[in-house]
Every structure is written in structure tokens, then in C-alpha cells.
Amino acid sequence: MKYNFAQIEKKWQKIWEEQKTFAAVDISDKPKYYSLVEFPYPSGAGMHVGHIKAYAGLEVVSRKRRLQGYNVLFPIGFDAFGLPAENYAIKTGKHPRKVTNDNIHNFTSQLKRVGFSFDWSRTIDTTHEDYYKWTQWIFLKMFEHNLVFRDKTLINYCPSCKVVLSNEDSQGGKCDICHSDIVQKSKDVWYLRITQYADKLLEGLKEVDYSPNIKVQQENWIGKSTGAFVNFSISGTDEQLKIYTTRPDTLFGVTFMVIAPEHPIIEKYKDKITNFDALEAYKTECGKKTAFERTQLVKDKTGVKIEGLTAVNPINGKEIPIYISDYVMMNYGTGAIMAVPAHDQRDYEFAKKFGIAIVQVIKGGDIEKEAYTGDGEMINSGFLNGCTNKKESIEKAIAYLQEKGIGEAGVQYKMNDWAFNRQRYWGEPIPIVHCPKCGMVPVPYDQLPLKLPEVENFEPGQDGESPLAKIDSFVNCSCPKCGGAAKRETDTMPQWAGSSWYFLRYVDPHNDKAFADQEKLKYWMPVDWYNGGMEHVTRHMIYARFWYRFLYDIGEVPYPEPFLKRTAQGLILGADGEKMSKSKGNVVDPNEVVDQYGADVLRTYVLFMGDYEKAAPWSDEAVKGCKRFIDRVFKLNDMVTPQEGYSPALESAMHKTIKKVSSDIETLKYNTAIATLMTLLNDFYAKGGVTRGELKTFITLLNPFAPHVTEEMWEINGFAGMLNQTQWPEYCEEKCKDETVQIAVQINGKVRAKLDIALDEPQDTVLKRAKEDARIIELLQGNQIVKEIYVKGKLVNIVVRPQ
RNA sequence: GCGGGCGUGGCGGAAUUGGCAGACGCGCCAGACUUAGGAUCUGGUGUCUUCGACGUGCAGGUUCAAGUCCUGUCGCCCGCACCA
């Protein structure tokens, strides 16, 4: 019987949809399982096979869990705010709402054709007002708890997209969206105080099961360092210049100070500074450099000495010069450093260039050549002299600073507060009103959602203003507090906002009283397993953990961490080994594969093609291997024998396969799970038949990978009910063991013979029989046996040396 | 520069964590069936000088035994990047 995949896949997809087979039940007696995949941005290009791989992993887990008796929540939705839809609108005049709806429609049909077991009744769209109402609600809660603030700063500005970008969105000095060069600009920016959660986010990592590399990346992103703040007084003023250092014990080695070009004391002591113009000129020059250039010019230190201001080293009273240089950043620490050229390479290079003294305070290295950053005995350091333990000398130094009132222990993070606004149309409006009398006033909760107004022109306004600024009816409003005339904030939230809490909405997607019902949250949360791209491990996940932790702190969600387990799939590369992209023309459309080979083949192939966590190139040839596999599986229908159990010849193989497939699915080893099933299928063919019992187990194990063909076979063979409602097969550990095994007989580690033994055969008889082998006897002649080793069920090794 | 990972046939990749390297699949070779084969089936397929030897980037080491552990080295990928 030929397998008509197109017809059969359609048949089962229709049945699953009509019977709502995969709908999650809110609160049931079954144990719950929440598997989450990153929801897609519905781009105009449609999905590519990489999306399919990303979802197929937990699709298999979800289907397996259902068969194991779990009540599974496996949802999908669309993260649909963002620039591409808006840029497309500018180009074509089509409203982003329309474009987004079309794309979501397209994505949905693609996903359905692959037969994913998503609960389609819980689909969410971040651009729907019933959804973004709650995004705004959470924002206002944060505002209420003082986690939102506004500040004028130099920001990363993309002149092409005309938006302010966070550091995360402008890495490498390029706009994350259009890849043009970022410029620095002064602007009012909304911030979320994520740094206040830095420690909690670090602590939380101890509680969760993320792959080690994911944890490490998050830790590096947060970038906690411990050290001390030290105050240096400025001669002739009562100003204290505060610095941050991780090595307060090297204070005796400080020979100058460096401050960031934007540091406020320059402006403050303008009158005392005699070369103010030179400083201004340097600052202007730095402003022209992009953040990227600033960090790239590592080798060449530049700077200007501040004439007229000197600092006093508080530990020895020495007067030292102050420089400005762009190797000191205003956004880390205090924007000022104490320079210890002997023990910091950057300070060393700067000192060499400007002819500043270098005082060694840690023994070791050769400071004629470079800074010494290793450990060693403290020298030239007063009360610290002789100390050889870094930790101890730092502690001593901090104790001294605190005692004298010139400094204190301190902590710094690399992570900055989150720039939380964009001057664009297609995002959640920030629900704040600017009142001339009351200042920033939040839109009252009962007036949410603050709807995005209809506009005709999506072009950003002058100077990168949001398009919303041009809508008078939106901008002009009355102050919710005093009732006076006021103006609305016209910026919108960044792309990351909607995805920072979407997993909570799936729990209760239609609730209009709360973002989700407390009972349902208690039942479903936390997410048991979250899979997505490695590129979202830092930004998206840190943001989502931050929002969730905040909601936990104000009692809105039940557990401190949202995701118990996190994994990341590897990319599917084009057939040319390059990253898939439209411009390279190497994108594979899942629809084409489904048309040609069927959904089961596509699903099987994306999981079989390699290590799930690593990148692997697509191969049109290799897909055919999976096509053959599925066809051969279907042909089993013609060779079924009526026996319900397993045949003796395959009993052990059946149990081993159940064991292997069951455990491989749990550890992302989908490729070897499928390989094992292929081997078993080959065994059926070699035997020339398959018993009903074997078939039942085999198609159940294969069902999570290839649900259509297996469901059809279940029906054809008259098994009771539907396959997706049966039970995951069990295996017996005892039966996984073969009674007799073939072992290798080695001489000096080289295999010379094979021996069939009973697994429980005692060591001495195994060794005896090994030595009776004709070939072994021959090779032992003229040699003396030094040692005999038997590894149970594996091998015998006879160690010899010539007589 | 720092952090993480990887290097195995012609290709994608396996290897119970120190125990028979190359599972499974692709490709290739041969045969069968066919008017036909880019369908299907059967068998073969690491390399070489083939009763043997050599083989997991390279060079050493530990061990009865190393893809796996240790030291050094080369190459690739991914994050972060003047973080004081």
C-alpha cells in the first residue's frame, strides 16, 4: 500500500483541530507540564525550516508527556510589534495592523501544516489591545514601584531607523535592525531600573536548570564585580572625586587619575581649569566617535591633562594629576578611576604615553615591559607591605579606608539600566501623561489599554520624534491628577516589552480582569522547559526574568523564577554552510518540504540531521533518507503478524529501544532516538515481519516525531482509541540485557579474536576459554603472560611480553 | 584580550563517559526487478603495500587499554569586549 502523505496528514490535522485534541485543561488532577518555545516574530518572509527545528524539539517532548499522562500546556503566539512591519508600512502605505494580521495568518497556516500539537485556543498576539493592555499595566506597576525613571543621557541613535537604541540593540556600533552606524546623541530616555535586580537575577540562576553555557552567559552579561569606592579630594576645593576599583590594595601605586570626558566635575570647575577649551575639543572629538570606535581603539590611548586641578591620593597625601580620556566610561563605576600603571595594562599604556611615573606595589613581572597583573608580595605600600595574599590585602585596605572615612566596599555591574523607549509607531504606547503642574503622571489603570491611535503617516517626526507626536488628538489630553491640560508621552515601548511576560498570558489568555488568574498561575507556573535560540539567552531571557521577578516581589506570580529549564537549539544553515538569509538565497521554506515529502518527513529530518544543539547545514539529499524511513514504516502494515506480544528474537531489542528513545528525548538527543528507531525498523525487515505488539510499541515511540503516519497506522491496524491518547511504552531493565554477548579478546590492547559468552559467566572460565581460542594460542606462543584483564561483558585483554 | 564550545570516513554525525572507533542516515560501488529509473529491493563501502599495518587536528604523557584523562600546540565557531 502506497503512503499518500498529503491526504493522510490533512485528515489527521482536521481531526485534531475538530476534537481540540491538544487543548490544555486548566487545572486537572493530572500532573501539569508547561513546555514553552519562543514565539516567532511574524515577518513577511514567512517561516523557514529553522523555526520548525526550534519548535520540533519541545513538540516531541510535549507529545511524549501527554502519552505519559501529563496535562500539557504547549502554546504558541506572535511577537508582532516591531520595526519591519512599520518600515514595510512606510514603504507600501499598508497599515502595520493589516500587514501583521496577514503575516500571522501565513505563519499559522505554515505551522498547522507541520502538525504541531499547539493549543491553538491560547494563541496570543502582542499587538492586540487585550494583550498590550497588560504590558502597559506591568509598566505602570513598575512605575509605581520606582523602577521607571527618565534621564537625559547620551544615547545610541540610529539615523536610518530614526530611533534610540539600547546598548543591546546597537552592539558593534551597528543598528541591530538596519545595520547602519549608530551615532551618539543627547536625549530624554525612559529607563527601567533593571540594575536593582542584578543580584536577584544572579541568585536566581542557582535555582534553575539551564545548560552551563547559558548560565555563564547570563552571569557575564550581569557582570558583577566587587571592590571599593574611594574618595580622592581635589586640591583647593572641598570636592571629593569618587572612584571605583577592584584593587583598593594598590592605592599606594596610584600616580594619576583619569575621568571620562563627560564627567560633570569638568563643567563644575570650569573656572579653575586653565585648558578648558582643550578639554572641550577632546570631548567633542570623542562624541563623534561611535561607541564601536571607542572600544576598538584599544591600542592607542588618547587623553588630555586637566590643567589647574589636581587630586590628592588619600593614602599617602601625594598630589597627582587628573586626565580625561575616553578609555574611562561614564556609564560604568563612577566615571572616574584611580590609575595604577604598574598593575593595569591600560593605565600602563597611558602612563608610558604621557610620561607619568610608574610605581610598583606588587612584586613580580617586569614593569619595564608591561603592567604586572599577577599576584605577589605587596611592596612600597606602607601597612600592606609583606602581604602575599590578594584577598587579605584587599580586605585590609578596605578596612583602612572605612576606618579613615575615605572609602568603602562596593559592588558594580556591567549591566546597565534598560533604555525603554523607541520613537516609533508600532509598539505599545507608554501610558504616561506629562502635566505642567504635576509632572509625570501615570495613566490610571482603569483607562488601560491606552490604545495606539490610527495614523496615516508612519514616518518618524522631526529629530526622531515618534509618529504619534504628530497626532494632536492623541497628544493633547487632560492630566489624570489635576484635570488640567497635559500632553501624552508619544514614545512607545521597545520590541522586547511584549515578550517579557507572554508566557504568563498563555496561562489565561482571555482574562479581562487580570493578566492571568492567580489559581491558574499557581497551577501552570513555572514553565517546566523553555527552548529557544542562543541569541535570546541574554537579552530576552534577562528581561523576562527581571519582569517576572518584579511581579513575584509584588505578589502577582507564585514562584521567583519563571523558567525551570532552558535549552537552545542550533541553527539550520543553508546547504552552502552559510547562515540562511534571503539575500544569500539559501532559505528553505517548510511548505516546499511538506509539499514534496510531507510533514512527518520534515519533522523527522530537522531532528535527525545532527546534534540538536549545534548548527548543521540543510541537505536536500539527506531529507530523502527520512522520506524512505517514513515510507518503510508505513509498509510495515503489509507485514503484521497477529501476535500481541514481542517475538523472542526481538524482545531485548524492543526493550532497549524503548529505554533509549525515552531517555534520548529528555536529553535533546533526538538524532540518536530516531537512529535507534531506524535500527529497529531494519530489524523488522530483517526478520521479515512485525508482530502487533511490536508494531504498537514502535509506532507509539515514533508518534512524537511522525504523528500523522503513526496515527494512521494505529487506525489501520485496529488498535483501540487514538494513538495520541494511549500510553508511552514501558521497558523492563532486565530484558534490556542480552543473555549472551560477544566480547573482544585482546592481546596487548589489540583485538585478536571474538568470543561468545554468557553474560553471567565467571571471570576464570571466560579467561580460560579466551586462551583456548586457536588464534590466541598461536599468538601467545613464545610470550609470557604478564596480566589478564576481564571487563564484564566487554572484553578480555591479555598482556604479554616476549620470553 | 576575556569567557564558553568544537576539531572523528567523501558528507551530516554515533560511541553506555577510560573498554571492539565509525551506530544511523546521505553519497558512492555492485547486483536484482524494470520499456525506463533521479522508484524499489539485496549486498558492499575508514585508509594502505589487505592472513598484516595504520587510523579521531598536531606533538608528547598517564594506563593493561585513550576519540574520551593530563601537558603543550595549531585551527575553527559563538558570546562579551578599554568593566577600572
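Tabulated values for the structure
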{"item": "Full-stretch length increase - A:Q518, A:K10 - with 0.36 nm per residue and alpha-carbon distance subtracted", "result": "179.1 nm"}
{"item": "Whole-number percent relative contact order across chain A, with pairs defined as alpha carbons under 8 Å at least 6 apart", "result": "14"}
{"item": "Tail beyond 23 Å, pair distance distribution of segment A:289-431 (Cα, percent)", "result": "51"}
{"item": "Signed unit charges on C-beta, dipole axis of chain A, positive-most listed residue A:F232, A:V258, A:S663", "result": "A:S663"}
{"item": "Overall form of segment A:448-535 per C-alpha gyration tensor (a/c, 1.5; a/b vs b/c)", "result": "oblate"}
{"item": "FRET E, pair A:L205, A:E535, Förster distance 30 Å, beta-carbon r, rounded to 0.05", "result": "0.95"}
{"item": "Burial order of peptide ranges A:134-145, A:644-655, A:718-729 (average beta-carbon count within 10 Å, highest first)", "result": "A:134-145, A:644-655, A:718-729"}
{"item": "Filter on A:K14/A:K53; A:K11/A:K98; A:K656/A:K696; A:K754/A:K792; A:K11/A:K53; A:K305/A:K352 - keep pairs with C-alpha separation over 21 Å", "result": "A:K14/A:K53; A:K11/A:K98; A:K11/A:K53"}
{"item": "Coil-residue trypsin sites (Lys or Arg not before Pro) of segment A:471-509, DSSP, other Cβ within 10 Å capped at 15", "result": "A:K481"}
{"item": "Helix-only mean residue ellipticity at 222 nm for chain A, each DSSP H run of n ≥ 4 adding -39500 (n - 2.57), per residue, nearest 500", "result": "-10500 deg cm²/dmol"}
{"item": "Förster-model FRET efficiency, 51 Å R0, A:S186 and A:T679, C-beta, rounded to 0.05", "result": "0.20"}
{"item": "Filtered GluC sites (Glu not before Pro), segment A:335-436: DSSP coil and at most 11 other beta carbons within 10 Å", "result": "A:E368"}
{"item": "Point-charge dipole on Cβ atoms (K/R +1, D/E -1) for chain A, about Cα centre, debye to 20", "result": "840"}
{"item": "Theoretical FRET efficiency, 1/(1+(r/R0)^6), r = Cβ-Cβ of A:N380 and A:S225, R0 22 Å, to 0.05", "result": "0.30"}
{"item": "Convex hull volume per residue in cubic angstrom - Cα atoms of segment A:201-263", "result": "149"}
{"item": "Å³ per residue enclosed by the Cα convex hull of chain A", "result": "237"}
{"item": "Equivalent ellipsoid, segment A:622-754 (semi-axes from 5 times Cα gyration tensor eigenvalues, Å)", "result": "29, 17, 15"}
{"item": "Largest-first principal axis extents, alpha carbons of segment A:586-634, Å", "result": "30, 21, 16"}
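Here, each number is a calculation from the coordinates, and none is a lab measurement. Everything numeric here is computed off the predicted structure, so don't read it as measured data. Heads up, the Cβs are rebuilt from the backbone with ideal geometry, glycines too, and the neighbour counts pull from every protein chain shown.
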